[in-house]
Every structure is written in structure tokens, then in C-alpha cells.
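Values in this text are rule-based calculations from the coordinates and carry no lab data. Quick caveat, the model's predicted, so the values are computed rather than measured. Using ideal geometry, Cβ is built from the backbone for each residue, glycine included, and neighbour counts are taken over all protein chains shown.
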Amino acid sequence: MIYGYIRVSTDRQTTKNQEFEIKNFCKRNNLKVDMWIKETISGTRNFEKRKLGEVLKRITKGDMLVSTEISRFGRNLFQIMMILNICMQKEACVWTIKDNYRLGADIQSKVMAFAFGLAAEIERDLISQRTKEALRRIKAEGLPIGRKSGCKNKEHILDGRENEVIFLYKEGVPKTRIARRLGVSIRTIYNFLAAAM
């Protein structure tokens, strides 16, 4: 299966240029895109929360992910390395047109996959280490960690949107759809409505 991946950051940008480049590339290489993934979202957003994350769950051995450039996958090196590492572990190919990256089943790709995986693991360890050091310092200074016991957060995820929730609920919109529309969990909607109604 060949996936054509297109991402733009804002709805003022068009996906047409990227689609044109991928189609031309595939034509030159006797390939055909089986599924297009187009999204308008920032590259800094976690890939697991994007359409790309769904594709990476489905992708299997021999599949190919084609994009115009590697920066379409993400805006930071760590995130791009994680994406490429997932593809390499699943033995899927990644081809980018402008950068001319060809990651596949060859030995060079396997060495890169190992390097990506190792770098990602080191980064996770460093983040964990920095967090533990900061917590130890805070504790040593006698400062409290986290909220006081029994203290509730003063800000709520639905602050400023209360009327919208109530309006949608009264219009008969299912709670699951309200949660999806507002980008919150279904439990948040249930808790809000229980307190508000």
C-alpha cells in the first residue's frame, strides 16, 4: 500500500502543490498512491494526535509513505526520528521528494533506524533525568510538589464555553459528539452537565 502524505499548517495554505509533486513523482517511478492523507495542522502537534498517527498504526511491511519533504512529518528532529523509527521497525519505506530520502529495507536504512531509536531512547532518558533532578531540588528546598491536598484547579478546560455545551446538549446533540467537538473527554462533559444542570 502506498500512502501519500500531505500537511499544511493553516487553512490559508493549499495542499494542491504537494499533491501535484507527489503525483508527478509517482508517475516517474511507476507508482500509484492507494490512499491520500491530507491534514491542516501544525507540525509541532504530536503526530499521534494527527491523521499521520492513525496511518503509522496501520502501516505494515512493504508499505510506502511518500511526502514532498521530511519537514511535512514534523517540525522537530526528535518527532521526525520517532516517525521514521516506527516505519523502519515495521519495515515500511519512507520516500521524500525534495530531500531525496529513501528509507527502506536496505542495510543503510537499518543502521539509520537503529540510530533513530537510540537517539529517541537517549532523549527520553534525559527528559526523565532532568525531571527527577528538578523534583529532588524542589523537595530539598522544602517546597511543595503539586497542588495542595484537596485543592481544586481554579481553571477548567470548559471555561468560557459553558453556554455552548448547554446549548448543544439542549439541542439534543449526543454527549460523545459534544466532547469530540470541544476536544475534551466524554467524562468531562458528563461531570460538567451533572454540576450545571
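Rounded to the nearest 10 degrees, the inclination of helix 107-140 to the longest alpha-carbon principal axis of the chain is 20 degrees.
Note: the range 2-115, Cα convex hull, 94 Å³ per residue.
Take the residue pairs Lys61/Lys110; Lys49/Lys139; Lys49/Lys110 and return only those whose Cα atoms are more than 25 Å apart. Intermediate results must be reported in sequence, preceding the final value.
Numbers: Lys61/Lys110 14 Å; Lys49/Lys139 34 Å; Lys49/Lys110 27 Å.
Cα-Cα > 25 Å for Lys49/Lys139; Lys49/Lys110; rest within.
Candidate cross-link partners of Lys51 among the aspartates and glutamates, defined by an alpha-carbon separation under 14 Å and a same-chain spacing of 8 or more, comprise Glu39.
Rounded to the nearest 20, the Cβ-based charge dipole of the range 2-115 about its Cα centre (Lys and Arg +1, Asp and Glu -1) stands at 200 debye. State to the nearest 20 debye the size of the charge dipole of the chain about its Cα centre, where the only charges are +1 on K and R beta carbons and -1 on D and E beta carbons. Once rounded to the nearest 20, the dipole reads 380 debye. In this simple spin-label approximation, Lys51 and Asp125 carry label points 7 Å from Cα along the Cα→Cβ vector, and these lie 3.8 nm apart.
Give the peptides 126-133, 29-36 in descending order of average Cβ contacts within 10 Å, highest first.
Working: 126-133: 10.1, 29-36: 11.9.
Put in order of decreasing packing, that is 29-36, 126-133.
Bridges between two residues of the chain, per DSSP, are antiparallel at a rate of about 20%. Highest GNM mean-square fluctuation among Ala134, Ala92, Ala115, for the chain modelled with Cα contacts below 10 Å: Ala134. For the chain, the Kirkwood estimate of the hydrodynamic radius, built from every pair of different alpha carbons, is 20.3 Å.
Hey, if you put +1 on the Cβ of every Lys and Arg and -1 on every Asp and Glu Cβ in the chain, which of Gln18, Leu182, Asn29 ends up farthest toward the positive end of that dipole? Of the listed residues, the answer is Leu182. Considering only Gly4, Leu135, Leu158, the residue lying farthest towards the positive end of the dipole of the chain is Leu158, judged by Cα position with unit charges set on Cβ.
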